[in-house]
Amino acid sequence: MAITHYYTVMCDIVRREDNGKWLLIGVYEDTLGLAQLPAPIPGLTFFMRLESDRIGVWNARVRLEHLETGERIFDGMAMLNFQRPGTGMVPIATPPFQFMHVGTYNFVVEIQGQEREPVIHSFAVVLNTQRPAMQSGQVR
């Protein structure tokens, strides 16, 4: 069995429209800016593009951890359901939690039965002291 990871997008909410299109709300780049710590978060969604070489359902262990301290923010389970071989879009929503530290965080997905390394999406949490300057060519 081979499941291939293509990308992960971190956002506030993911919804699926009646026409089958995905709606991603509050998309983050690789940095999440906070006004203060601790910071209660109502939850995040990690939207993953995966590909499977076969039909099936796989369990996955997911966790969010602070890289510098090793603190686990949460642990959970997810199901990956492929109704046909090929690409699948998988939103994994977290429960509400709190960020206590700035620094690098890893969202880790370990797919049971997968011989490959876990899927890791890294991002930074920073305190917003000012809005970053726009770069040439950016639209605000």
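Pairs of Cα atoms under 8 Å, at least six residues apart: use those to get the relative contact order of region 1-49, whole percent. The normalised contact order for region 1-49 reaches 51 percent. Selection among Tyr6, Gly113, Val27 by position relative to the dipole of the chain gives Val27 as farthest towards the positive end (Cβ unit charges, Cα centre). Counting only Cβ charges, +1 for Lys and Arg and -1 for Asp and Glu, the dipole size of the chain around its Cα centre is about 360 debye. When P(r) over Cα pairs in 10 Å bins from 0, in percent is calculated for this entry, the matching label among (i) 11, 38, 32, 15, 3; (ii) 9, 26, 31, 23, 10, 2; (iii) 13, 47, 35, 6, 0 is (i).
With a cut-off of at most 13 other beta carbons within 10 Å, and DSSP calling the residue loop, which GluC sites (Glu not before Pro) in region 53-122 qualify? Please list them.
Answer by residue number: Glu68, Glu71, Glu115.
How do Phe97, Phe123 rank when sorted from fewest to most other Cβ atoms within 10 Å of their own Cβ?
Details: Phe97 15, Phe123 18.
So the ranking, lowest neighbour count to highest, is Phe97, Phe123.
Bear in mind that the values in this text are calculations on the coordinates, not laboratory data. Because the structure is predicted, anything quoted here is derived from the model rather than measured. Cβ atoms come from the backbone with ideal geometry, glycine included; neighbour counts cover every protein chain shown.
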